[in-house]
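Heads up: the structure comes next, in structure tokens.
The values are calculated or read from the model by the stated rules, or taken from the named source; none is laboratory data. Predicted model only: the values in this text are computed from it and were never measured. Virtual Cβ from ideal backbone geometry, glycine too; neighbours counted across all protein chains shown. Heavy atoms of the whole protein, side chains included, go into the accessibility calculation; ligands, DNA and RNA do not. Shrake-Rupley method; radii C 1.70, N 1.55, O 1.52, S 1.80 Å.
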Amino acid sequence: MTKVCPETEERTLQEPILTVSTDVSFASNHFPTYKLGPDNEIVDEPKEDEKGPSVKETVEEESQFLSDQHKRLSVRDLASKFDKKLAAAVSLADEAKLKEVASLEGHVMLKKLRDALEYMRGRTDGQNKEDVEKAISIVEALAVKLTQNEGELIQEKFETSEDAKKLVNHEKSFACAEIESARAVVLRLGEAFEEQERSSEASRAQGPDVEKMVEEVQEARQIKRMHHPTKVMGMQHELHGLRSRIQEKYMNSVRLHQEIATIKRAEESKSCPFVLEGTQSLGSCLKIRVNAPDNAIELSNCSIQWYRAACETSQREAISGANQEVYAPEPFDVGRILQADILSNGHKVTVTTNGPIDPDAGLQSRIDSLMKKSNSEFSVVISQMNGQDYASRSHVLTIGKTRIKLSRGWITKAREIYSKSMQLCGVRGNIKAPAKALFWQPRKSLTFTLTFESEQERNTSIALARKYAFDCNVTLLGPDD
């Protein structure tokens, strides 16, 4: 059997159809929905894809960045910056050329596409012909849109070229100004170097004479200083002489006051029924003695109270517990005047030391040597404990930087750190050898009266313990001091 096909269909299929150029690229796989108004104007424009900033925005951003730079650049940096901006301007020009070429190619493509559609419209009929006509209207709309874009591109190109020219001219003028400034600095430096070289040459030419003159001037100044002292040195000598004379007059006045006070006390003692006996210095013992011719007054029937004061006219401080006829000064009394009020038969009599209590000559050196050690030990005997007589053998009193300990061998009588409840002073009661004894209260409800081997050891232990306690922010004094 043989298949018979209609001739009309075979003729239609064999006719050639013009193809569209492969260079055409569409944004999507369907025709855009453009609507043409009167005079071929596009009513609804599609939204363009923003693939990046425009050339104008790029130029404005670069200009703003350059205007914000306040740092002064060197000549090399300026040259590099100028080259970069020039390259950017060239690249912008190249980009504009590429857009112009792309626009021209777009016109060619649209023309080819429209010719192809016109050819297809002549070859088709019915529904296909309507589709082709619709496609032709879309192509015409695209051509109109492309023409509008070309106008905008030309305007943008013109503005971009103007901005680029302004930018290049501004950078060029700035670079020229910097180069001129650098050139002026170099010229000034060159002039300074030339001036320095000329002065050095002149000084080398006159070198021997100038050096000789400098040596002579220095020698003359030395001779003048040696034989003619300055006004400042003369004033210093005068001040030194004035100080010496003032100090000498002060010592003379103090000696005269002491002599007058001694004479006054001697006159008063002739009529005073009581006198003080003993050396008025640290380590001694002061004793009140009756000066009446018939010894009619008995001290046991009198009331006694000892005081210390900075001077005879200053306010007195009562020594708590010192109410016996004997009192041994302690380190706290050095430099002060001691007084005793004696109340007998309703009459009060005051006896006073001739002057301040003198210090022990070797006490300070002894304390300085002991402070180099961590602990200092003293041999003592316990005379009283809690106010009661106590018969004991020799004990060891250890005075450390943070505590005091009383012990005998392995047995510890008391061991306490420095605190506000601790008290330490010379003995103020009636006891044998008061100049060698001290009162120690380690804590409340526990007291000791300790007797040392010598007066110096007793005073050394008191002064040393008070220094260590002061370092621990504790003041060691007697009761009610």
Residues of segment 260-277 satisfying the condition of being open to solvent by 50 Å² or more (accessible area, probe 1.4 Å), modelled with pLDDT of 75 or more and closer than 28 Å to PRO331 by Cβ: GLU277
Extreme residue, surrounded by the most Cβ atoms within 10 Å (Cβ to Cβ), among residues of segment 308-367 that are outside any loop (DSSP other than H, G, I, E, B) and among the hydroxyl-bearing types (Ser, Thr, Tyr): TYR327
Identity of the residue in segment 397-416, surrounded by fewer than 15 Cβ atoms within 10 Å (Cβ to Cβ) and out of contact with any Phe, Trp or Tyr (no Cβ under 7 Å at 6 or more places or on another chain), that ends up nearest to LYS373 (Cα to Cα): ARG415
Candidate set: segment 383-396, residues that are touching a residue at least 60 places away in the same chain (Cβ under 8 Å) and assigned to a strand (DSSP E or B); chosen: the one surrounded by the fewest Cβ atoms within 10 Å (Cβ to Cβ): MET385
Neighbours by Cβ (under 6 Å, 6+ apart or cross-chain): first from segment 171-182, farther than 16 Å from ASP83 by Cα; second part of a helix (DSSP H, G or I): ALA182/VAL75
Residue check, LYS145 touching a Lys or Arg at 6+ places or on another chain (Cβ under 8 Å), part of a helix (DSSP H, G or I), open to solvent by less than 80 Å² (accessible area, probe 1.4 Å) and modelled with pLDDT of 70 or more: no
Residue within segment 281-292 that is open to solvent by 90 Å² or more (accessible area, probe 1.4 Å) and at pLDDT below 80 present: no
Every residue from segment 297-337 that is small (Gly, Ala, Ser) and either closer than 23 Å to LYS436 by Cβ or at pLDDT 85 or above (or both): SER303, ALA309, ALA310, ALA318, SER320, GLY321, ALA322, ALA328, GLY335
Residue identified as open to solvent by 50 Å² or more (accessible area, probe 1.4 Å), of a type in the set (Asp, Glu) and under 30 Å from GLU95 (Cα atoms) among GLU162, GLU180, GLU130, GLU171: GLU162
Condition check for VAL380: surrounded by 18 or more Cβ atoms within 10 Å (Cβ to Cβ), of a type in the set (A, V, I, L, M), modelled with pLDDT of 90 or more and in a strand (DSSP E or B): yes
Yes/no for GLU201 being at pLDDT 75 or above, open to solvent by 80 Å² or more (accessible area, probe 1.4 Å) and of a type outside the set (Ser, Thr, Tyr): yes
